[in-house]
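The values are calculated or read from the model by the stated rules, or taken from the named source; none is laboratory data. No experiment lies behind these values; they were computed from the predicted model shown. Positions of Cβ are backbone-derived with ideal geometry, glycine not excepted, and every protein chain shown enters the neighbour counts. To get the accessible areas, we keep the full protein, side chains included, count just its heavy atoms, and leave off ligands, DNA and RNA. Shrake-Rupley method; radii C 1.70, N 1.55, O 1.52, S 1.80 Å.
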Amino acid sequence: MEQLTCQTVFEIPIFGGIAVDEAVVVTWIIMAVLTVLSIVFVRNLKVENPGKVQLALESVITWGSDFFEGIIGKSNRRYVPWLMTVALYLAVANLIGLAGFKPPTKDLNVTAALAIMSMILIEYSGIHKNGLKHWCVHFAKPVPVVAPIMLMEIVIRPLSLCMRLFGNMLGGFVVMELVKAVVPFLVPIPLSFYFDIFDGLLQAYVFVFLTALFMNEEME
């Protein structure tokens, strides 16, 4: 239970005191590390005779761009940087437990915040692509009687994103703790590769893939 509960690290003395818990602190650490690494990796970019690191980074960026553009279309590539940023954050957040930190995605508040941001982007993409009038009218298609169900999708989509990510990360953690308690030697090692590494990367992929898929549906 101690591992599942995010403890308050410190309070910011404004507005009566704002509690900052472990999930927020770890997120700040992830942001700082990724920012520093980004500056380090891009400070010596070359047009001619690029190094191996630059070629590797360009390959990853190209693959990510092609993947998301294949879902939402090249005309909507303006959303690709956000999707890739969320994917990178989730990948690091889900794997950071290997470094001794508590993964922030085990906190429902974090997954809910990510899901709400995705919901806003999904609905915005539809409005930006087709206009506010079309966005309002599409809730009544193919017949007006389905409008309440279509409106419920605005809540159901982020809720499914939130609970899927939180539930899988929480479930993997609980299973690993039970295995370590029952069989503390050798057996947890191969399971750790699945629950701590493969499943963490898989959940990051699923989150951004579904977000891109919902955006594509909204823009049609």
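Brief remarks follow.
- Segment 117-186-segment 18-67 distance, computed between alpha-carbon centres (Å): 27
- Applying D = kT/(6 pi eta Rh) to the chain, where Rh is the Kirkwood radius over alpha-carbon pairs, T corresponds to 25 °C and eta to 0.890 mPa s, the Stokes-Einstein value obtained is 124 µm²/s.
- Remark: segment 43-105 projects, on average over all directions, an area of 6.1 nm² (convex hull of Cα atoms).
- Integer Hz, Karplus 6.51/-1.76/1.60 couplings in order for segment 92-102, x for Gly and Pro: 5, 4, 6, 9, 5, x, 5, 9, x, 8, 8
- Three-way shape label, segment 81-128, alpha-carbon gyration tensor, a/c 1.5: oblate
- Lysine-lysine proximity count for the chain, Cα under 19 Å, sequence distance 8 or more or distinct chains: 5
- Solvent exposure of the chain amounts to 61 Å² per residue of accessible area, where only protein heavy atoms count and the probe is 1.4 Å.
- With the Kirkwood sum run over all distinct C-alpha pairs, segment 1-119 has a hydrodynamic radius of 16.8 Å.
- Mean Cβ neighbour count within 10 Å, used as a protection proxy, ranking 162-173, 46-57 highest first: 162-173, 46-57
- Relative to its residue count, segment 79-181 spans a Cα convex hull of 110 Å³ per residue.
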